Amino acid sequence: MDSMLANISSSVIKRAQNADPNMQRCLIENCSTSMAIQLGHVYDRKQTAHGHGMDSLEWNWGLVKGSLHLDTRRNVFFVGASLYELYKRHNWSLVPEEKVVRQFFYEDGTRPRKRRDFPKLQSQTFKYTFLPIKDMEDVYINRQSEDNTVTIHEYPFSGFPTITSHIHPVFVLLHLSQSLWCINTQSYKAIVKQYPWLHEMRELHTSWFAELPDNADRNPTYMPSHQSQSLSTSQSISDDDISRTPPHRIPVLTTQPSNEQVVGRFAANRPNSPPLSTRAAPRVPQTYPSCGEKREPSEVIQDARPNKRRRLLTSTDLKRHHEDYQRSNALKDADPNLLRGLIENCSANMAVQLGHVYDRKQTAHGHGMDSLEWNWGLIKGSLHLDTRRNVFFGMLLLLND
């Protein structure tokens, strides 16, 4: 099921701005907000919708049930768009200091602390080390200094400076432990050899997401006496306070079936339905009673070249064709730069993506498209903005700037 969460409020951004010691500059590159800096989550806020996982974290972290809000300022940071894309792919992560990590384990260093002994870290800022996890060999990072000089850091980023941030180690360790699950044993051992205090990260992850004890709901520190009556209304608490995060989870607005589930149900309920095919069904004229007349759908020009088809008229058309066209070999063959970033000439590992010279959304502005087709000597309805002559490869950060 796909869940829709409440939008990030302006108060979340203000709380993060007030807490950030780096003045909203990119945490990694230290560049200013003019370089497409965005608000990112250390631990993905979408995990709010996974109730059992949230229950486990709240229990093992010594929290009250339903109180973990992933929009807390301790879970958000400012980062460049391209680097954040790599972060979400678990290509890199952050490593807390050894003395901080060891506080989450008992004295023997192997057993994660339980709920009753979970550490309460009081520091307002923490120090971290940048850690490449996977597919970072072709990536370089331009980091600005206080005097605006720029230092280029290349893999394996051994000389990268220590990072200071307000984000909390628990969220950093969540992302880090997930990232370490994504790599093979050899890579994992290489990282642990460099940072021995990460040896038990997988065990820490397993412990934090362990099943709750059967009597958890009878524990007054987890489920206070008033909590059972207030759980149903707790999500209505205001999120406008810029000084503190509301003591409840991010509200889950709706839970909808995923696209795959919808297609599966539709296929299952069709009477005498033949096996699903990848071929598109032929278009048929549709009657619209409210208009009082039949509207003929636009016909597709039967041309195998993707830039010779009809205009894309709906958001569904735009999204589907955009996804298909990114995989088109025709575009790859047309690019003399071998899919590297047009401006920085960086490899695809640097979160390079497809960009449009002229915004493809302008397709929806029919009068403007009519004018272009007329003045350019084209046939009406033939201008396709996904033509390879209107697209290029560039870094996400530069495309969003």
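A few points about this structure:
- Long-range neighbours under 6 Å by Cβ, at least six apart or interchain, first residue within 20 Å of HIS41 (Cα to Cα) within segment 80-108, second of a type in the set (Gly, Ala, Ser) and outside any loop (DSSP other than H, G, I, E, B): TYR84/GLY40; HIS90/SER179; SER93/SER179
- Test set (1) surrounded by fewer than 20 Cβ atoms within 10 Å (Cβ to Cβ); (2) β-branched (Val, Ile, Thr); (3) assigned to a strand (DSSP E or B) - ILE141 fails condition number: (1)
- Residue under evaluation PHE77, criteria (1) under 24 Å from TYR188 (Cα atoms); (2) within 18 Å of the chain's Cα centre (by Cα); (3) in a strand (DSSP E or B), criterion not met: (1)
- Hey, ILE167 touching a strand residue (DSSP E or B) at 6+ places or on another chain (Cβ under 9 Å) and assigned to a loop (DSSP other than H, G, I, E, B) or not: yes
- The listed residues are ASN184, ASN148, and the only one of them that is farther than 27 Å from SER207 by Cα and either among the hydrophobic types (A, V, I, L, M, F, W, C) or surrounded by fewer than 18 Cβ atoms within 10 Å (Cβ to Cβ) (or both) turns out to be ASN148.
- Filter pass, ARG45 being touching a residue at least 24 places away in the same chain (Cβ under 8 Å) and over 24 Å from SER179 (Cβ atoms): no
- Remark: THR151 falls outside the filter, which requires a residue to be among the hydroxyl-bearing types (Ser, Thr, Tyr), under 21 Å from VAL76 (Cβ atoms) and out of contact with any Asp or Glu (no Cβ under 7 Å at 6 or more places or on another chain).
- Looking across segment 19-74, the residues that are closer than 17 Å to PHE126 by Cα and not in a loop (DSSP other than H, G, I, E, B) come down to ALA19, HIS41, ARG73, ARG74.
- Criterion violated by ASP2 - all others in (1) at pLDDT 95 or above; (2) surrounded by fewer than 15 Cβ atoms within 10 Å (Cβ to Cβ) satisfied: (1)
- Beta carbons closer than 6 Å, at least 6 apart along the sequence or on distinct chains, pair a first residue in segment 158-171 that is closer than 26 Å to ARG113 by Cβ and touching a residue at least 24 places away in the same chain (Cβ under 8 Å) with a second that is surrounded by fewer than 19 Cβ atoms within 10 Å (Cβ to Cβ) and basic (Lys, Arg) for THR162/LYS127; THR164/LYS127.
The values are calculated or read from the model by the stated rules, or taken from the named source; none is laboratory data. What you see is a predicted model, and the numbers here were worked out from it, not measured in a lab. Methodologically, a virtual Cβ is constructed for each residue, glycine included, from the backbone with ideal geometry; neighbour enumeration extends over all protein chains shown.
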